[in-house]
Amino acid sequence: MTVTSPVPAYPQPRGLLNGKTVVVTAAAGTGIGFSAAQRAAEEGATVLISDFHERRLGEAADRIAETVGKRPATFVCDVTSEAAVQGLRDAALSELGRVDVLINNAGLGGEVSVVEMTDDQWSRVLDVTLTSLFRMTRAFLPAMYAAKSGVMVNNASVLGWRAQKGQAHYAAAKAGVMAFTRCSALEAAEHNVRINAVSPSLAMHPFLAKVTTQEALDKLVEKEAFGRPAEVWEIANVMMFLASDLSSYMTGEIVSVSSQRA
């Protein structure tokens with residue numbers, strides 16, 4: 001029988017990102033993206049957040065301001081648009097002066113069997129989850145190369161390694177995120193830029209609850225050794241480690257943030 005472990009106390013800031021500038025891409029208004037943005041601000045970074053939903057983005061910025069006393073810059077961005085991605089890059093460089101850390105958080109899931117999956121469903125998930133990562137990386141790397149400094153943290157998933165019915169498109173995209181992370185990291189290392197990824201198993205947030213049945217969520221929780229899903233900030237904590245100088249000798253790594261049993 002799995003025993004539910006208690007949620008640990010929320011971490012106290014340690015100044016991991018003091019003096020750094022951080023950009024968090026799509027869905028920074030909710031879930032892991034929002035938590036990553038808030039944790040970065042708490043750790044001393046100057047932050048710019050982006051999201052496709054303007055209202056949600058503004059509300060997220062207000063919440064972060066209430067927590068840290070400073071409102072992050074914002075930019076409405078559709079990660080499937082090359083023009084919007086370049087606009088985000090230009091706005092970040094203009095607002096922040098430089099980008100020390102880029103957190104690539106965009107992703108889109110859903111549950112559908114292979115035989116029922118349409119071309120549009122497949123393409124949409126791949127575009128938002130994988131191709132947008134390519135667009136963002138391509139847009140932000142040149143300035144990091146010029147500075148001979150920078151860090152990227154990508155958001156993958158344990159489904160890049162493990163199988164789950166109804167998730168062929170999402171799993172394929174996340175496996176692509178992992179491969180892209182490893183390959184781009186080798187290129188970036190020549191310019192003193194690091195690229196790593198986190199690979200969460202199950203982190204509970206409102207959007208996941210909307211697109212997943214309670215029965216499916218219960219089955220996923222059963223696989224977790226702690227008997228509970230992760231808090232989104234538990235995923236963001238590992239992102240902060242990868243973004244900080246504490247992980248200075250890590251690049252091309254996929255860090256599993258999971259209590260799933262083998």
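Bear in mind these aren't lab numbers, they're just calculated from the coordinates by the rules spelled out. Because the structure is a prediction, the values reported are computed rather than measured. Here the Cβ positions follow ideal geometry from the backbone for every residue, glycine too, while neighbour counts run over all protein chains shown.
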Additional length obtainable on full extension of the chain from residue 10 to residue 260, 0.36 nm per residue less Cα span = 87.8 nm
Under 21 Å between C-alpha atoms is the cut-off here; go through the chain and count lysine pairs that meet it, provided they're at least eight residues apart or on different chains.
-> 11
GNM top mover of 219, 70, 148 - the chain, alpha-carbon springs below 10 Å | 219
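What value, in deg cm²/dmol to 500, does the helix sum -39500 (n - 2.57) over DSSP H runs of n ≥ 4 give at 222 nm once divided by the residues of the chain?
-14000 deg cm²/dmol
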Residue-wise HN-Hα coupling along region 45-55, computed from phi with Karplus coefficients 6.51, -1.76, 1.60 (Hz; x: Gly, Pro) = 7, 8, 10, 10, 10, 9, 6, 6, 9, 4, 5
What is the dipole size for region 21-257, taken about its Cα centre, with +1 at each Lys and Arg Cβ and -1 at each Asp and Glu Cβ, in debye to the nearest 20?
-> 260 debye
In nanometres, the difference between 0.36 nm per residue of separation and the alpha-carbon distance of residue 71 and residue 127 is 17.1 nm
Expected unfolding gain across residue 63-residue 83 under the 0.36 nm per residue rule, minus the alpha-carbon gap, is 4.4 nm
What is the distance, in nm, between label points placed 7 Å from the Cα along the Cα-to-Cβ direction at residue 54 and at residue 248?
-> 4.4 nm
Residue (of 74, 10, 192) at the positive-pole extreme of the chain, dipole from beta-carbon charges | 192
Could you quote the convex hull projected area for region 21-257, Cα atoms only and averaged over all directions, in nm²?
-> 12.3 nm²
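Could you sort 182-195, 7-20 so that the peptide with the highest average Cβ count within 10 Å comes first and the rest follow in order?
182-195, 7-20
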When the chain is modelled as a GNM with alpha-carbon springs shorter than 10 Å, which of 239, 178, 117 fluctuates the most?
-> 117
